[in-house]
1. Could you look through region A:151-200, keep only residues that are among the β-branched types (Val, Ile, Thr) and more than 20 Å from A:Pro109 (Cβ to Cβ), and pick out the one that is nearest to the chain's Cα centre (by Cα)?
2. Tell me yes or no: at least one residue of region A:183-200 is among the polar types (S, T, N, Q) and under 19 Å from A:Leu85 (Cβ atoms).
3. Any idea which of (1) surrounded by fewer than 18 Cβ atoms within 10 Å (Cβ to Cβ); (2) hydroxyl-bearing (Ser, Thr, Tyr); (3) within 10 Å of chain A (Cβ to nearest Cβ) is the one B:Thr118 doesn't satisfy?
4. Residues that are surrounded by 24 or more Cβ atoms within 10 Å (Cβ to Cβ) and within 13 Å of chain B (Cβ to nearest Cβ), at least 1 per element: which strands (runs of 3 or more DSSP E) completely within region A:131-196 meet that?
5. Can you tell me which residues in region B:41-86 are of a type in the set (Lys, Arg) and under 20 Å from B:Arg29 (Cα atoms)?
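Quick note: the coordinates plus some simple rules give every number you see, no bench work behind them. Please read all numbers here as calculations on a predicted model, not as lab measurements. So basically every Cβ, Gly included, is an ideal-geometry build from the backbone, and we count neighbours across all protein chains shown.
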Protein chains: 2
Amino acid sequence: MNIGVLASGSGTNLQAIMEACEKGEIAGRVAVVISDREEAFALKRAAKKGIPAHFLNPKGYKDREAYDGAAVALLQEYRVEVVALAGFMRLVSPYFVRMYPNKIMNIHPALLPAFPGTHGVEDALAYGVKVSGCTVHFVDEGLDTGPIILQAAVEVKDDDTAESLHQRIHKEEYRLYPRALDLFARGKIQLEGRRCIIHE
Amino acid sequence: MNIGVLASGSGTNLQAIMEACEKGEIAGRVAVVISDREEAFALKRAAKKGIPAHFLNPKGYKDREAYDGAAVALLQEYRVEVVALAGFMRLVSPYFVRMYPNKIMNIHPALLPAFPGTHGVEDALAYGVKVSGCTVHFVDEGLDTGPIILQAAVEVKDDDTAESLHQRIHKEEYRLYPRALDLFARGKIQLEGRRCIIHE
């Protein structure tokens, strides 16, 4: 299975996915990495592994749909079958979602539906929860609202900062995201309404 | 510490609290049990342990505030210092909350702020989460919005029904609620804004 990864930042989830592919823990390979930020370290991580890495400059496109059109064209060029958003800071357009229905995954650093949006870790801390975690889900047209594939719980400690909590959540992410991609690659995820049934 | 328990149903959390008190796992005792339903089995459970059990009929009061006034009078009669809602199906009034500020606890069968309200288990299943759990929190004037004292995560299985999931959550509740009451009795819970810091 050809995986396309979209990332805006340092790409630690991308790293975990690439390494899991190398170890045979995902029945697939990363075919292309796309970033909306030229300086994203994710691009360097991909290049280091010999994986095509493309900076797609948002300034070159008149709106989100046009940008996503270019991204989809690139993904198609590399025959991508599943798209993994890994710290991709742009909301994908309904057009993008329709092009890859239930074939775009995202990872979120909270137990959705709690604390959606860009500050999941900070929001959980501010609320005062004692348990948070991370969620791998299919992307639909809403913000972090798609069907949940896998979740892992992480204890929140009283002396946690956003950094220390995020670090503990990241550890679970690096385990969870490859697992979700492998389940998908092996056809083990069945959607029933908005529930994902895992056939293992 | 004198604990007052309010319950509408079978009272399994009440049972767990009473037994934990007997074993010395809570630095307190159940001083009185109040129910808004005459046939609540919770009343029988209390009577069996020799604990005063009162049915307070909502029909005898013109509104929620009047009802809560009678409940507070009863609690004061038994010198109750902390109120534990245990399957109590009435929303307590702002008056009640003001009479026991951060001294009323509730247990909820989901990881708040996800799935508040009366169908936490069913709502979590319908959403398709992979992790749910339970929450002990202080009661404020909102619906399940008060500061969180303790939470425990519970795995949601693909073949779970509301019953099977609720059963697994209940097990955690019977451990969590006595622990929260004991922490409170021993003065180990410190509120910082809406975060509960546990000093253990």
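1. By that ranking, first place goes to A:Ile189.
2. No, there is no match, as no residue in region A:183-200 is among the polar types (S, T, N, Q) and under 19 Å from A:Leu85 (Cβ atoms).
3. Evaluating B:Thr118 over (1) surrounded by fewer than 18 Cβ atoms within 10 Å (Cβ to Cβ); (2) hydroxyl-bearing (Ser, Thr, Tyr); (3) within 10 Å of chain A (Cβ to nearest Cβ) leaves (3) as the failure.
4. Hits in region A:131-196: A:131-138, A:148-155.
5. B:Lys44, B:Arg45, B:Lys48, B:Lys49, B:Arg79
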